[in-house]
Amino acid sequence: MKSTIQRIVATEVIVHAREGYVDRPAFGPSIFDKASKWIIEMFTDDGLVGYGETHRGAGLGEVQWAARHVLGKPLSSLSWANPVPSNLDDNDMFGHRDPPVPHRPYEHDFGIGSGGLAIGVAVCDLISKAAGMRMCDLFGGAHRQWVPTDWWMGRSDPEHAARQMEVALKLGFNSLKMKAALEDDIVGIVRAIKKVAGQKTRVLIDPNRRFYRVAEAIPLARELEPLGNVVFEDPFPFKAHDWQLFRQKTTIPLAAHAAVEPHLALAGDCCDYINLSPPAQKFIADARMAARFGVPCWAGSGLELGILDAYILHYSAAALTCALPGDAQGHLIREDDLIEQPFEIKDGAIRLPDGPGLGVTLDQVALKKYACSREEIVAP
């Protein structure tokens, strides 16, 4: 019997952050954990089940659109790298809606959307399970069994930051990524973290460009230089000259992510490190490109649940230069990860899951607890 995708169950969930991990009186309630996600269960006619997960805020329509491209198809007919085509329905790149004969689509990266990502993850899970191998082996094999990972916190104050670093150490993490803005007590926060964890502790500061401009970021960097082992990610909007100037004027390493396309930062010699995004085939290709410039990378995330974090761990392990601490820690920040097997954490790294596919199993009890709605999509 061919392994054919027969039906897909999509469950909408909302899983809040753990109390005290994100909310702080001075900054108000968190936002990221109020948006829903869709958990995907993909069933074949011979009893296999593959799992997927959207980014937060995805709509059911995105999932349904992507599902239609794989339902009723045998796994042997699907490419793990491109199981769902790019959605051109709302793209005016070619001058009209949903062009019947798009010109030169190979010259542009249109993306597959969050629904396409979730369906693609589930297809990869099924393909690797059918072959009896881990998902990382589908991507070329693991270069590491333990994936370095940062702990994470949002904008904070010194007291809260110290408590969060204590939490991190108890969980097995030894470095931290934090959100910030120029008006925060950043020097005090970094000092509080290092007082708890030691002077050599790595602190990555990601202000999402809220250091505003290079003229304001450089003085702050000089205050932080004596504290040691601090990294800035996307401190201000990307202008090649500004980023180059920052690297000339300070010793704080500069990492690029949301502010710029990776190739622009790399070609312009604008960054020391780079944060790269899914899906797996794009991440691995971008990591290889970064390697040509001698720039190590890590895998970013949006504070995910257990399924997407497992996916991140697999493609992080498959990229040789993904040697910097990544972001696959969202499952611990939320109340539940929705998977049965807890990840093993030690010395600042998460162990790659064992077993075929993602190596994790959806927790049906937790899924039911956090479910908001459910949709079943079947093959025509």
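The values are calculated or read from the model by the stated rules, or taken from the named source; none is laboratory data. Note that the coordinates shown come from a computational prediction; the quantities given were computed from them, not determined experimentally. Virtual Cβ from ideal backbone geometry, glycine too; neighbours counted across all protein chains shown.
Count of the range 277-303 residues, restricted to those that are assigned to a strand (DSSP E or B) and either over 18 Å from L254 (Cβ atoms) or touching a His at 6+ places or on another chain (Cβ under 7 Å) (or both), is 1. Among the residues of the range 158-186, those identified as surrounded by 15 or more Cβ atoms within 10 Å (Cβ to Cβ) and among the hydrophobic types (A, V, I, L, M, F, W, C) are A161, A162, M165, V167, A168, L169, F173, L176, M178, A180, L182, I186.
The rows are residues; the columns are (1) surrounded by 12 or more Cβ atoms within 10 Å (Cβ to Cβ); (2) in a loop (DSSP other than H, G, I, E, B); (3) modelled with pLDDT under 75.
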| residue | (1), (2), (3) |
| --- | --- |
| A58 | yes, yes, no |
| E62 | yes, no, no |
| W65 | yes, no, no |
| P83 | yes, yes, no |
| D90 | no, yes, yes |
| F94 | yes, yes, yes |
| D98 | no, yes, yes |
| P102 | yes, yes, yes |
| Y106 | no, no, yes |
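Taking every residue in the range 183-204 that is closer than 19 Å to L324 by Cβ and pairing it with any residue that is among the basic types (K, R), at least 6 positions away or on another chain, the pairs with Cβ-Cβ distances below 6 Å are T201/K194; L204/K177. Entry remark, the range 12-55: residues being hydroxyl-bearing (S, T, Y) and either assigned to a loop (DSSP other than H, G, I, E, B) or on the phi > 0 side of the Ramachandran plot (or both) number 4 in total. Only residues that are touching a residue at least 60 places away in the same chain (Cβ under 8 Å) and part of a loop (DSSP other than H, G, I, E, B) were counted in the range 338-360, giving 11.
Condition check ((1) outside the structural domain of M165 (by TED's automatic domain parsing); (2) under 17 Å from the mean Cα position of the chain (by Cα); (3) on the phi > 0 side of the Ramachandran plot) across all residues:
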residue: Q329; (1), (2), (3): no, yes, no
residue: I333; (1), (2), (3): no, yes, no
residue: D337; (1), (2), (3): no, yes, no
residue: E340; (1), (2), (3): no, no, no
residue: I345; (1), (2), (3): no, no, no
residue: G357; (1), (2), (3): yes, no, yes
residue: K369; (1), (2), (3): yes, no, no
residue: R374; (1), (2), (3): yes, no, no
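Looking at A323, A310, A328, just one residue is closer than 26 Å to V231 by Cα and assigned to a helix (DSSP H, G or I), and that residue is A310.
The set of residues in the range 10-55 that are surrounded by fewer than 16 Cβ atoms within 10 Å (Cβ to Cβ), touching a residue at least 60 places away in the same chain (Cβ under 8 Å) and out of contact with any Cys (no Cβ under 7 Å at 6 or more places or on another chain) comprises R18, G20, A26.
Of all residues in the range 361-380, those being in a strand (DSSP E or B) and of a type in the set (A, V, I, L, M, F, W, C) number 5.
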